[in-house]
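Colleague: Below: one structure in structure tokens.
The values are calculated or read from the model by the stated rules, or taken from the named source; none is laboratory data. Quantities reported herein were computed from a predicted structural model and do not represent experimental measurements. For neighbour counting, all protein chains shown are included, and Cβ atoms are generated from backbone atoms with ideal geometry for every residue, glycine included. To get the accessible areas, we keep the full protein, side chains included, count just its heavy atoms, and leave off ligands, DNA and RNA. Shrake-Rupley method; radii C 1.70, N 1.55, O 1.52, S 1.80 Å.
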Amino acid sequence: AKGLTEDAWAELFEHAVTCGVKPLATPFDLEAVDLLDSIGANAFKLASGDITYRCLIEKVASKGKRVFLSTGAASEHEVQRAMRLLDNCEVVPLACDLVYPCPTEAADLGRQIPKLLGLSKRAGYSDHTESTLTGAVAVALGASVLEKHVTLNPEGDAPDDKMALTVDQAAEYVAYANEAGTLLSKVEGDPQHAARVGARRSAYAS
């Protein structure tokens, strides 16, 4: 919460709601958990680095809200232990790489997401790559939640600026992810009926 006062956080959350956005944030200390809860956060995000910070996890668990749990650099045992501590919450584990930015060859999505889906009904991806396609690949592998950093200034001094997408790139990222979801969706009816009738040969008298 450094850099913003409690009133500023409350104002930011209130503005997000007026824009139709359900705001949440990542608490990095126990006080931040209470602050976010008091200003209406309906979910928490836990950073990969805090997956072994038991006091913080238990504090978040006490609020009983949905939790997005980043799992970068964590062992399967550490993920399971954190999820047990959060057993009264709806937990969505997020595959993640603690590399900023993450080269595409290091993303390891084909292993990470299926592994998390073996531990939880839902899984997602906290994306540190610079690609606009990664979200679509994650969706194709079963991710139902995507986290992606967006910046107004790609040349900024914040560490996240180096891996963040511009607003236009973020729109492309979302479009690709949505298209992947559409490609995977269940087809209703029989859209191939007419083609089946028209394309196949039929019996005839010679």
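Colleague: Would you grab the residues whose amide H sits under 5 Å from the one on Leu94? Only those 5+ places off in sequence or on another chain, please, with H modelled 1.01 Å from N.
Modeller: Close amide H contacts, sequence-distant or interchain: Leu69, Ser70, Thr71, Gly124.
Colleague: Report Rg (one decimal) and Dmax (nearest whole number) for region 157-206, counting Cα atoms only, units Å.
Modeller: So, for region 157-206, Rg and Dmax equal 22.8, 79 Å respectively.
Colleague: Also, I was wondering about something else. Select from region 1-98 those GluC sites (Glu not before Pro) which occupy a DSSP coil region and have at most 15 other Cβ atoms within 10 Å, ordered by residue number.
Modeller: Counting only loop positions with at most 15 other Cβ atoms within 10 Å, the GluC sites (Glu not before Pro) in region 1-98 are Glu90.
Colleague: In the structure shown, do any of Lys115/Lys162; Lys65/Lys162; Lys22/Lys186; Lys45/Lys121; Lys63/Lys148; Lys59/Lys148 have a Cα-Cα gap over 20 Å, and if so which? Before the final figure, lay out the partial values.
Modeller: Numbers: Lys115/Lys162 28 Å; Lys65/Lys162 31 Å; Lys22/Lys186 28 Å; Lys45/Lys121 18 Å; Lys63/Lys148 25 Å; Lys59/Lys148 25 Å.
The answer is Lys115/Lys162; Lys65/Lys162; Lys22/Lys186; Lys63/Lys148; Lys59/Lys148.
Colleague: Would you give the gap between the C-alpha center of region 146-176 and the C-alpha center of region 26-41, rounded to a whole Å?
Modeller: Cα centroid of region 146-176 versus Cα centroid of region 26-41: 24 Å apart.
Colleague: Starting from the Kirkwood radius over alpha-carbon pairs of the chain, derive D by Stokes-Einstein at 10 °C in a medium of 1.306 mPa s and give it in µm² s⁻¹.
Modeller: Reported coefficient: 83 µm²/s.
Colleague: Just how much of Ser62 is accessible, in Å², when a 1.4 Å probe is used and the result is rounded to the nearest 10?
Modeller: About 80 Å², rounded to the nearest 10.
Colleague: In a Debye calculation with equal point scatterers on the alpha-carbon sites of region 1-91 and no solvent, what is log10 I(q)/I(0) at q = 0.15, 0.23 Å⁻¹?
Modeller: Ignoring solvent entirely, the Cα scatterers give -0.55, -1.12.
Colleague: Sort Arg54, Arg66 from largest to smallest accessible area, using a 1.4 Å probe on the heavy atoms of the protein chains. List each step's numbers first, then the result.
Modeller: Numbers: Arg54 135, Arg66 95 Å².
Correct descending sequence by accessible area is Arg54, Arg66.
Colleague: Which one of Ala140, Ala73, Leu36 is farthest out on the positive end of the charge dipole of the chain, using unit charges on Cβ (Lys, Arg +1; Asp, Glu -1) and the Cα centre as origin?
Modeller: Comparing the listed Cα positions along the dipole, Ala140 ranks first.
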